[in-house]
1. For region A:314-340, name all the residues that are part of a loop (DSSP other than H, G, I, E, B) and within 27 Å of the chain's Cα centre (by Cα).
2. Could you say whether any residue in region B:114-124 is within 14 Å of another protein chain (Cβ to nearest Cβ) and of a type in the set (Gly, Ala, Ser)?
3. Please work out which one of (1) part of a strand (DSSP E or B); (2) surrounded by fewer than 21 Cβ atoms within 10 Å (Cβ to Cβ) is the condition A:Arg291 fails and give its number.
4. If the Cβ limit is 6 Å and pairs must be 6+ apart or interchain, which residue in region A:578-592 that is in contact (Cβ under 8 Å) with a residue 12 or more places away in the chain pairs with which residue that is of a type in the set (Phe, Trp, Tyr)?
5. Just need a number here: residues in region B:2-27 that are within 14 Å of chain A (Cβ to nearest Cβ) and either modelled with pLDDT of 95 or more or exposed (fewer than 15 other Cβ atoms within 10 Å of the Cβ) (or both).
6. Please note which strands (runs of 3 or more DSSP E) are completely contained in region A:402-489 and include at least 3 residues that are outside the structural domain of A:Val508 (by TED's automatic domain parsing) and either farther than 26 Å from A:His530 by Cα or modelled with pLDDT of 90 or more (or both).
7. Any residue that is under 27 Å from A:Arg291 (Cα atoms) and either assigned to a strand (DSSP E or B) or at pLDDT 80 or above (or both) - is there at least one of those in region A:352-359?
8. Can you tell me which residue in region A:37-82 is nearest to the chain's Cα centre (by Cα), limited to those that are acidic (Asp, Glu) and assigned to a helix (DSSP H, G or I)?
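The values are calculated or read from the model by the stated rules, or taken from the named source; none is laboratory data. Computed from a predicted model, the values in this text were never measured in an experiment. Because the Cβ atoms are built from the backbone with ideal geometry, glycine has one as well, and the counts that use them run over all protein chains shown.
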Amino acid sequence: MASGAPRLVVGVDIGNSTTEACCARVDDDGGLEYLGSGLAPTTGIKGTPDNAEGVRRAAGQALADGGCRWPEVDLVLTNEATPVISGLAMETITETVVTESTMIGHDPRTPGGSGIGVGTTVALADLADRPVGEDVLVVVPAAADFEDVAEALVAAAHRGVGVRGAILGGDDAVLVANRLEETLPIVDEVTLVDEVPLGMLAAVEVAEPGRTIRTLSNSYGIATLFDLDAEQTKMISPVARSLTGNRSAVVVRTPGGDITDRRVPAGSIALRGRSSTVSVEVDAGADEIMRSLARIRPLVDAEGESGTHVGGMLAGVRDAMSELTGQRPDEVAIEDLLAVDTLVPQEVRGGLAKEVAREDAVLLAAMVRTSRGPMEQVAAEVRRVLAEEAERVLEVEIGGVEAEMAVGGALTTPGTGEPIVVLDLGGGSTDAAHADTDGEVYAVHVAGAGDLVTTLIDAELGLDDKQVAEEVKRYPLAKVESFFHVRHEDGTVQFFTEPLSPELFARVVVLTDDGMHAVPGRHDLATLRHTRREAKRRVFVVNALRALEQIAPGGTLRQIEFVVLLGGSALDFEIPDMIADAVAPYGIVCGTGNVRGSLGPRNAVASGLVSGHARRRRVSGAA
Amino acid sequence: MTSTETDRPERTAEITEKGPAGRGEREDEVVLGISPAFCSFFTKTISNIPLAEVLREVMAGVEEQGVSLRIVRVKDSSDLAKIAHRAARLSGSGIGVGILSRGTSMIHQKDLAKLSNLELFPQAPLLTPETFRAIGSNAAQYAKGESPAPVPVQNDFMARPRYQAKAALLHLKETEMIEPDGGIVEVDVSIRRAGS
C-alpha cells in the first residue's frame, strides 16, 4: 500500500434500498478522522451497474457534509454488493362456502329491534295472503319504503298473522323497528335479499347493542329452534360456529343447505437440505413449514409445486436473480424461506349480504443470494461516473465482505465490544453477523423483513393499498376526537391551538413526519395497532431469534453478549424494543446501534469500510 | 332503501314555527338548518325532488343511526355555509347540516371555520333522495364520534352550465325571502302523504 500524506477516503455501502456513504481522512499510520456522511436511495437493483448514480449522490453528499470536493478524493471503497432478492406470495388455504343460502351472518351496522324470531320466510308482497296464526319472517326487497313496510307488518299482525321478524334489503331496520307496535328482530342490508329462499323455516336473531347473538351461534340453540336430531345438529354446527361474534344473524333451514369450511389445495414445497429433501404441504400452515425447514437446515434449495402460487413465486424469484447475474435459472438456489400464518378477510362464497369471513392464509417470503454479483461491472461503472465528477480517474476498490464491514461499523457504537452480533434489519432480508474476539466473522441471511410486514398489514386489514399499509407500519396512530385534540395510541391526549383539517375529523390517523394522514376504512385504532404489532413480531422477532440461533456459538443464545441493531427498520419506533424484549431472557444486551456515536443505525458498512482500510494501512505501515 | 322519485307517493311537509331556536344539550342530536324559502316559497329542488322528500330522507338517515334530529329555519341568511355552521353551533353534538331550497347541502361542525366544512354537496342537480338519506346518516355518525366514509358524490361538468342560470334565479328568490330580523327559529315538521 502506498504511503505518504493523509489520504481522503470515501466509503460507500450499496444497500437494497439506500446507498450510504462517508468520507474520512486516513493518515499513514492508520489514524482516522471521519469528516462527513451522506445517504441516497439506491438506484437500480443492488449489485448492478445502475447503482453508480446512487453512489455519486450519496458520496457527493458525504463530501459536501465534510467540506471536501471530488478532486481531493484519493480512494473510493465500496462493499461487495451481493444482491439479495426476495419474493412474497400469499396462499389462502381455507374458504367458507354457503350453499342454498343456509345462513346470513353479516353484521349490518344498524340492525333493528332485538330478540329472536322463528317462522316461515314470506315475501312482503305475499304477506296479505298469509293465513291467520302462521308464524312468518318477512323478506323485504331493497326498493320498499320503510313506512310502507312498517304499515304492512302492523296490518298483518293486527289480522292475526304471527309476524316474528324481518329480513330487509335496504338500510332501514331501525326505521322499520321504530314504527312497529312490538319489538321484533330485524336484519338489514342483505344485498342479495331476492335470493333468500321463501317458504322455508328460518330464524332471525338480533342482540342488544354491544352484545353478540347467543342462540344462533350455539349448535344446540339452532337444534332447539328447528327441532333437529343428533345427525342434523352435527350438520348445522359449522353454521353456528361461523355466526359467533355477530350482533345479528339469519339461519334458513333448507333441505340441502350447508356451510363448509373447505381447505383449498395450495400445493407443496420441496425443501432440499444437504443430505435430504422434505416435502411439505403449504396448507399444513406456517409452523409445519418452519419446522420442516429447521430439520433440514442449511437449506440448499427449495422448489414449489408447478401450477400453484408457491411454485410461481419461487420460480419468479429464481428468474429475477438469473436475469441479474446471467446464471441459468436452475443454478440459482433459494437460500431461505419464512412462512407466516395470517388471517385475511375474504368474501364468503354463496353469501347473501357480502359477508366476510377471516380465512387462513400462509404468507411466504423467499430469498436468493448470489455468492458474487457482477461486482467488477459495478466498480467499472462507478469509476466512470465518478471520473466525471473528479475530472480524473479515481481509484475504486471493492472492499471486503459486507458482514465484516457492518461489524466494523457497529463496533464504533459507544459501549459495545467483541464478541458482538450485528442484526441488520432491512427491507427484504434480515442479516446477522457474529464476530468473535479474534475478529472472525460469520454471517447468515434470513428471508423476510420490512416488506413482508407491509404485506401482512395490507392483507390482514384488507386495505389493498401498499402506500397506506406502509404508513400504518411506520408511524404511531392516534384518534382525532375533536378539531382541537387527538388521543394517541398510548391513551395520552394532545391539544392543538389551531383547528385540525376537516378531513381528519373523527378519523384514526397516522402521525407521519409531514403531519397526520387519515387511515381509510372502518378499522378502529385498537385493531390497527394490534395488527401492526403482531405483523412486526411475527417477522422481526421471529427472524431475529432464527438468525441468532444460527450464528450463536454452539447454537445457544446465552453465548451472545452484545446485539447491535442496524438498518432502516432499526429506526422503527417499536421494532428495536420488541427484539430487545425477546432476547432479554438470554442475558443479551440489545439495542439500536449508534455508529460513530452520532449516526444511529445508519452508515455502519460505509464507516466499516473506511475503518477497515485504516486498520490495513496501520498493519502495512507497521510491517 | 329508496327508489327513484317517480314511483314515490307524493308527500307534503307542514312546517310549524315553535319560536327562537336554542342551543341543544343532548350530545346525541344533529341540527338541520333549512333556508328562508325552504318548503314555503319553494316546494322542489332544482332537479324537482320534492322538499318534503328531502326532509324525510335526511330525517330517516339520522333516525336509522339512532340519533335525534332538531330542525331550525335560518331566516336571515341564504348563505349555505352560514346556515350549516349556525345549525352546528346550536347542536348538542356540534354537528349540523344545512340545506338550501335548491338542494345544495353541507355537513358542518361547530369548531370549524365558517367557510370550511366536513362534507359539501355543491352540485344540487346531481343529488338524489339516496344522497339526502346518506347525508343524514353520515351527520348522525359524526355525532356519535364514528368515522363514516364521505358520501360519494357524482361530478358532472355539464351540470354547471346547464343549471347555472336556474340556480342563479333560485338563489335570487331565496335571498329575497330573507327576513333580516327573523333570526333562527326551531320548527316542527310533519310529513304526510298527499290527500291523507
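1. The answer is A:Val332, A:Ala333.
2. Yes: region B:114-124 contains one or more residues that are within 14 Å of another protein chain (Cβ to nearest Cβ) and of a type in the set (Gly, Ala, Ser).
3. (1)
4. That search, which allows pairs on different chains as well, returns A:Val589/A:Phe562.
5. Going through region B:2-27 one residue at a time, the tally reaches 6.
6. A:420-425, A:429-435, A:441-447
7. yes
8. A:Asp50
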